[in-house]
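Quick notes on the structure that follows.
The values are calculated or read from the model by the stated rules, or taken from the named source; none is laboratory data. Bear in mind the structure is a predicted one, so any value in this text is a computation, not a measurement. Note that each Cβ is placed from the backbone with ideal geometry, even for glycine, and that neighbours are counted across all protein chains shown. Accessible surface areas use protein heavy atoms only, side chains included; no ligands, DNA or RNA. Shrake-Rupley method; radii C 1.70, N 1.55, O 1.52, S 1.80 Å.
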Amino acid sequence: MLSVLLQGCQSLGSRQGDAQVTVPASAEQFTHWDLDGKFGLKLDGKGQSANFTWRNRGSDYNIHFSGPLGQGAASLSRKNKQVTLNADGQQWRAANAEQLLAERLDWTIPVSEMRYWVRGIASPDSVASRIEYNPDGTVALIEQRGWLISYPRYQELEGLRLPAKIVANRDALKLTIILKRWLAAQQKTND
């Protein structure tokens, strides 16, 4: 069952080891991060939830999902334009994360767009049919690729406003994401 997603602790940081990491001035430039959170999917009265950790380095990423008490763990990674899903002791590869998740886990999550949406920006890969802003300039709502994404809560990472909660709807599917901890990661010069 879909557990009620409560407000997560909003801990933020920008240290990696003993090195101070500079946080970019805009969400568009913020491409190297570590993120902990929780999401819930609800469709036709049925739901699933999972915790996740997301390590993003430019266009490459590793997202680790786990259910309550670490059950049902799976990881989805993209490196060099190749997507890999590890779950239940097996591994699958594809060029498309969305198709891989749908086929193997029955999850319909727009991962390609989500790496932009979690930062509160529209994906540059398709036209957003609507974007609305809050009085403070943060994005309140994005409508893109049939998804309606709202941002009811933000948090701050050294002056950069990042989402703390996202609610995405498409047809009868509702995806709620609580972004608990953002951590800026060091960007290598060749990334």
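Scan the range 161-176 for residues that are part of a strand (DSSP E or B) and either open to solvent by 10 Å² or more (accessible area, probe 1.4 Å) or not hydrophobic (A, V, I, L, M, F, W, C) (or both) and jot them down.
ARG161, PRO163, LYS165, VAL167, ASN169, ARG170, LEU173, LYS174, THR176
Could you please find all residues in the range 157-177 being within 15 Å of ARG119 (Cβ to Cβ) and touching a strand residue (DSSP E or B) at 6+ places or on another chain (Cβ under 7 Å)?
Answer for the range 157-177, where residues must be within 15 Å of ARG119 (Cβ to Cβ) and touching a strand residue (DSSP E or B) at 6+ places or on another chain (Cβ under 7 Å): LEU157, ARG161, LEU162, PRO163, ALA164, LYS165, ILE166, ALA168, ILE177.
Filter the range 128-140 down to the residues that are assigned to a strand (DSSP E or B) and either closer than 13 Å to PRO110 by Cβ or open to solvent by 20 Å² or more (accessible area, probe 1.4 Å) (or both) and list them by number.
So in the range 128-140, the residues assigned to a strand (DSSP E or B) come out as 128-133, 139-140.
Within the range 128-140, ALA128, SER129, ARG130, ILE131, GLU132, TYR133, ALA140 qualify.
Which condition does SER123 not pass, out of (1) more than 21 Å from ASP36 (Cβ to Cβ); (2) in a strand (DSSP E or B); (3) touching a residue at least 12 places away in the same chain (Cβ under 8 Å); (4) open to solvent by less than 30 Å² (accessible area, probe 1.4 Å), if it passes all the others?
Condition not satisfied by SER123: (2).
One residue is enough: does the range 10-21 have a residue meeting the conditions within 24 Å of ILE149 (Cβ to Cβ) and at pLDDT 85 or above? Reasoning before the result, please.
Going residue by residue through the range 10-21, those that are within 24 Å of ILE149 (Cβ to Cβ) are 10-12.
Those still in the list that are at pLDDT 85 or above too: none.
Within the range 10-21, none of the residues are within 24 Å of ILE149 (Cβ to Cβ) and at pLDDT 85 or above.
Go through the range 151-160 and give me each residue that's assigned to a loop (DSSP other than H, G, I, E, B) and open to solvent by 60 Å² or more (accessible area, probe 1.4 Å).
Selection gives GLU158 alone.
Determine whether ARG130 is under 21 Å from GLU28 (Cβ atoms) and touching a Pro at 6+ places or on another chain (Cβ under 8 Å).
Judged against the criteria, ARG130 is not a match.
Which number in (1) under 17 Å from the mean Cα position of the chain (by Cα); (2) open to solvent by 60 Å² or more (accessible area, probe 1.4 Å); (3) farther than 16 Å from VAL167 by Cβ; (4) free of Cβ contacts under 8 Å to residues at least 60 places away in the same chain marks the one condition that ARG78 misses?
The single condition ARG78 does not satisfy is (2).
Pull out all pairs, ordered by first then second residue, where Cβ-Cβ is under 6 Å, the residues are six or more apart or on different chains, the first lies in the range 160-175 and is closer than 21 Å to PHE30 by Cα, and the second is small (Gly, Ala, Ser) and crowded, with 19+ Cβ neighbours inside 10 Å.
Final answer for the pair search is PRO163/GLY120.
Among the residues of the range 141-150, are any in contact (Cβ under 8 Å) with a residue 40 or more places away in the chain and not in a strand (DSSP E or B)?
Taking every residue of the range 141-150 in turn, none turns out to be in contact (Cβ under 8 Å) with a residue 40 or more places away in the chain and not in a strand (DSSP E or B).
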